[in-house]
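Take a look at the structure below.
None of the figures in this text is laboratory data; all of them are computed from the coordinates on show. What you see is a predicted model; the values in this text were computed from it and never measured. When we count neighbours, we look across all protein chains shown, and the Cβ atoms used for this are built from the backbone with ideal geometry, even at glycine.
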Amino acid sequence: MKNYLNTFILFVLVSLTSLVFGQKSINNYKYVIVPDSYDFVEGKDRYQLNSLTKFLFNKYGFTAFMITDSLPEDLFDNRCLALYADAEKLPGKLFKTEVKILLKDCYGQLVHESEIGSTKEKMFEKAYNYAIRNAFESFEFINYKYQPISENANAQIVVNEKPKGDNQDVSASEIVKKSTEIGKVSEIKTEEKAISPEIIEETTYYAQTTADGYRIIDNEPKLIMILLRTAKENTFTVKDKNAIVYLDNGFWYYSEISEGKTLKKVLNLKFYD
């Protein structure tokens with residue numbers, strides 16, 4: 001009962017702090033994406049810890065997916081609709097396992113972290129399971145409910161400025177790019193037309209078919225990355241990276257979120273079996 005009361009008090013204090021400083025609410029995110037592995041254990045979904053995390057998020061009212069699941073269409077259009085989960089094992093205490101759950105936005109900024117879940121169970125499989133379950137008890141007080149941010153609450157997007165020395169109007173694709181950078185893609189209705197990218201990766205990479213997607217290699221041949229299929233055609237997640245590779249208007253793009261910034265380039269990609 002004492003632990004329950006302490007948890008409630010802590011939640012109230014965290015909530016008040018968020019209101020005072022005007023931080024973005026956890027309710028402003030539509031999905032939670034759970035990775036298929038954690039750093040403190042080897043292998044995908046080891047001890048089914050990642051599946052357990054997904055289950056517990058859904059239990060407490062979130063809409064959670066594993067990164068390898070079929071993901072919603074709107075999430076491909078705007079990755080910032082989701083929070084990205086992780087489980088962190090705290091530095092060792094003798095005879096005690098401690099874990100906390102982290103939720104970060106698409107820029108890698110911490111939005112929420114759970115209380116520390118702990119257990120004195122000695123077997124690793126049970127210890128991590130119990131610790132994660134205990135950490136999730138603090139989510140009971142969140143009462144999560146998705147609340148989209150109104151367009152008026154977003155930062156202003158300037159769409160009529162022109163690059164210096166360029167007399168052309170800003171294209172529709174540039175408007176979408178600007179709105180994506182503040183975490184929301186505006187609904188822009190315009191006639192679709194193919195736009196050739198200005199910069200294409202000079203190095204040619206080759207895609208070898210695998211059971212789950214493709215291996216991308218260079219001329220040496222050296223392994224560059226591994227692509228994993230998603231539910232969306234011609235869109236792949238990059239193994240062990242917060243990145244995707246996708247086809248758009250006849251060009252292959254690599255898009256990665258690193259240190260809070262979205263890095264994007266066009267790949268010179270050729271496919272063969």
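Side notes on the structure shown:
- Fraction of the pair-distance distribution of the stretch 53-109 above 12 Å, Cα-Cα pairs, percent: 73 percent
- Annotation: amide H-H contacts under 5 Å for VAL32 (H modelled 1.01 Å from N, sequence separation of 5 or more, or interchain): THR63, ALA64, PHE65, LEU83.
- Residues LYS96, LYS122 arranged by fewest to most Cβ contacts within 10 Å: LYS122, LYS96
- Remark: the stretch 223-228, residue by residue, has Karplus-estimated 3J(HN,Hα) of 6, 9, 6, 10, 9, 10 Hz, where x stands for each Gly or Pro and the curve is 6.51 cos²θ - 1.76 cosθ + 1.60 at θ = phi - 60°.
- If R0 is taken as 22 Å, the Cβ-Cβ distance between PHE271 and ASP248 corresponds to a FRET efficiency of 0.85.
- Isotropic mean projected area of the C-alpha convex hull, the stretch 195-273 (nm²): 5.8 nm²
- Computed extension length for GLU113-SER258: 50.2 nm, one decimal, from 0.36 nm per residue of separation with the Cα-Cα distance subtracted.
- Distance between the modelled labels on PHE95 and GLN147, one decimal in nanometres: 4.6 nm (7 Å Cα→Cβ projection).
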